[in-house]
Amino acid sequence: MKKYLPRYTDNELKESLDYMGAVLITGPKWCGKTTTAKQQCKSLIELQHPVHGKSYLKLADTNPIALLDGEKPMLIDEWQMAPELWDAVRYLVDESDKDGLYVLTGSTIVDESKIMHSGAGRIKRIVMRPMSLYESSESTGAISLIDLFNDENLNIDGITSNLSIKDLIFAACRGGWPESLNKKTKKQQLSIVSDYIDVICNSDVSEVDGIKRNPQRVKAILKSYSRNISTLASKKTLMKDIKTEFGDITLPTYNSYIKALERLYVIQNIPAWSPNIRSANTIRKSFKKEFIDPSIAVASLNLTPEKLLKNFETFGFIFENLCIRDLLVYSSSVNGQVLYYSDDSGLEADCIIYLDDGRYALIEFKLGHKEIEKGAKNLLKLKKLIKDSVKNKKIDLDEPSFLAIITGGDMAYTREDGVKVIPIGCLC
């Protein structure tokens with residue numbers, strides 16, 4: 001029997017079921033939604049079941065209330081195959097006036113026009129992502145992101161990571177797909193993401209909205225996105241890149257394909273942080289290009305751990321995607337947002353973690369030690385700009401809770417200027 005590795009979603013789900021009638025867990029295929037939900041549910045409806053699936057779908061269409069009769073909490077897996085179940089769940093939650101009745105899982109963002117009610121106040125939504133390094137037992141978890149927010153004097157000096165650069169590269173290539181950890185060889189572990197991409201390109205990208213799409217064009221778009229990972233590349237740039245790979249693509253077609261990949265949780269773009277900072281420079285507001293997992297970029301470009309060991313520049317961009325994935329997971333329990341800052345003067349912060357209580361942190365990602373000084377200067381300059389804007393009453397914003405540089409190194413420490421240097425292999 002496969003060992004279940006605890007996930008951050010476990011606590012989120014438990015807490016949500018304590019006060020909500022139903023919970024929806026969404027996220028990409030193969031990230032562990034169903035397995036995680038099964039840990040807390042007492043009955044199961046699998047709409048994709050090879051024997052009972054067709055009967056379930058027929059009953060969902062004719063008498064959804066009858067289908068939802070069973071021991072609670074009840075898990076409804078891949079509920080988007082029968083959108084009418086959403087309104088049935090909402091109705092039964094209202095009628096019973098009890099909490100913790102249903103858990104729905106889904107691998108696509110559903111067209112809201114197919115459901116009558118949003119479910120607000122009745123159905124809690126949770127986004128689940130592939131495993132972070134801590135969830136896959138590769139990060140020591142010695143430094144908690146939340147502790148960094150709660151204790152400005154948190155002592156991190158001397159805490160070490162067990163991950164070498166070689167280990168980090170392999171982890172990024174393999175990705176956070178739970179099934180990969182059950183494979184016996186590294187070759188088998190690396191094959192999971194390739195299989196995932198094949199499924200997305202050959203079937204899911206067309207099934208998500210019923211529009212037939214060319215698998216080779218999808219692969220060309222994923223490859224272009226991968227070449228521009230962790231950048232602010234424009235649509236024009238990507239479309240030009242796709243043209244050299246596959247042929248001409250119109251803007252409506254490009255938008256359609258990107259929308260489908262977003263609905264499948266393949267693409268995870270990062271929005272800009274746009275505080276009203278008093279500055280003569282224009283703040284960029286476009287989205288930073290990222291995937292839900294860095295392994296998608298690796299596989300789309302046919303890269304291997306061996307190739308990336310010889311190309312640290314490329315791995316630097318993939319490393320940023322890995323850090324973004326992990327920070328999204330670690331901040332999920334407090335509804336944290338992951339943003340970035342960039343203006344036309346060149347001032348930037350790779351990541352802003354903004355919590356729901358208004359606290360925030362400024363973060364840079366630097367793979368090696370040589371870039372740490374540059375990253376620290378950027379963060380301190382942005383902190384001063386914020387401080388000056390607050391002083392001049394141009395912005396209502398507290399100072400950042402902490403400044404940090406997340407690295408691929410082996411030891412954590414706090415610099416004399418207060419900037420914390422933290423290996424990604426220490427975080428949780």
Self-check item: Spin-label proximity, Asp97 to the range 58-78 - amide N less than 18 Å from point 7 Å beyond Cα toward beta carbon
Solution: none
Quiz item: Cα-Cα over 27 Å: which of Lys2/Lys72; Lys33/Lys420; Lys33/Lys166; Lys38/Lys289; Lys38/Lys124; Lys289/Lys391?
Solution: Lys33/Lys420; Lys33/Lys166; Lys38/Lys289; Lys289/Lys391
Practice problem: With a cut-off of 13 Å, note down the residues of the range 347-374 whose backbone N falls inside the zone around a label point 7 Å from the Cα of Thr160 toward its beta carbon. | Solution: none
Practice problem: Evaluate E = 1/(1 + (r/R0)^6) for Lys370 and Ser203, where r is the Cβ-Cβ distance and R0 equals 41 Å; express this FRET efficiency to the nearest 0.05. | Solution: 0.40
Quiz prompt | Residues Lys54 and Leu397, FRET efficiency given R0 of 51 Å [Cβ-Cβ distance, rounded to 0.05] | solution = 0.40
Exercise. May I ask you to give the solvent-accessible area per residue for the chain, in square angstrom, as obtained with a 1.4 angstrom probe?
Key: 47
Practice problem: Any aspartates and glutamates with Cα under 18 Å of the Lys187 Cα? List them, leaving off those in the same chain fewer than 8 positions away. | Solution: Asp167, Glu179, Asp195, Asp198, Glu306
Self-check item: Range in the chain, longest, excluding exposed chymotrypsin sites (Phe, Trp or Tyr not before Pro) [loop by DSSP; at most 16 other beta-carbon atoms within 10 Å]
Solution: 5-286
Quiz item: Quick one: length gained pulling Asp357 to Asn255 fully straight, 0.36 nm per residue minus the C-alpha distance?
Solution: 33.3 nm
Quiz prompt | Dipole in debye (nearest 20) - the chain, about Cα centre, beta carbon charges: Lys, Arg +1; Asp, Glu -1 | solution = 1320
Quiz item: Antiparallel as a % of all DSSP beta bridges within the chain, to the nearest 5?
Solution: 35
Quiz item: At a 1.4 Å probe radius, carbon and sulfur cover how many percent of the accessible area of the chain?
Solution: 49
Quiz item: Dipole size in debye (nearest 20) for the range 345-410 around its Cα centre, Lys and Arg Cβ +1, Asp and Glu Cβ -1?
Solution: 400
Quiz item: Between Glu416 and Ile211, 0.36 nm times their residue separation minus their Cα-Cα distance comes to what?
Solution: 68.2 nm
Exercise. Please give the FRET efficiency for Leu309 paired with Ile65, using the beta carbon to beta carbon distance and R0 = 60 Å, rounded to the nearest 0.05.
Key: 0.55
Quiz item: Rounded if a/c is under 1.5, else prolate if a/b beats b/c, else oblate: with a ≥ b ≥ c from the C-alpha gyration tensor eigenvalues square-rooted, which is the range 12-97?
Solution: oblate
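The values are calculated or read from the model by the stated rules, or taken from the named source; none is laboratory data. Computed from a predicted structure; not experimentally measured. Methodologically, a virtual Cβ is constructed for each residue, glycine included, from the backbone with ideal geometry; neighbour enumeration extends over all protein chains shown. The protein model used for the area step is the full one, side chains on, heavy atoms only, and it has no ligands, DNA or RNA in it. Shrake-Rupley method; radii C 1.70, N 1.55, O 1.52, S 1.80 Å.
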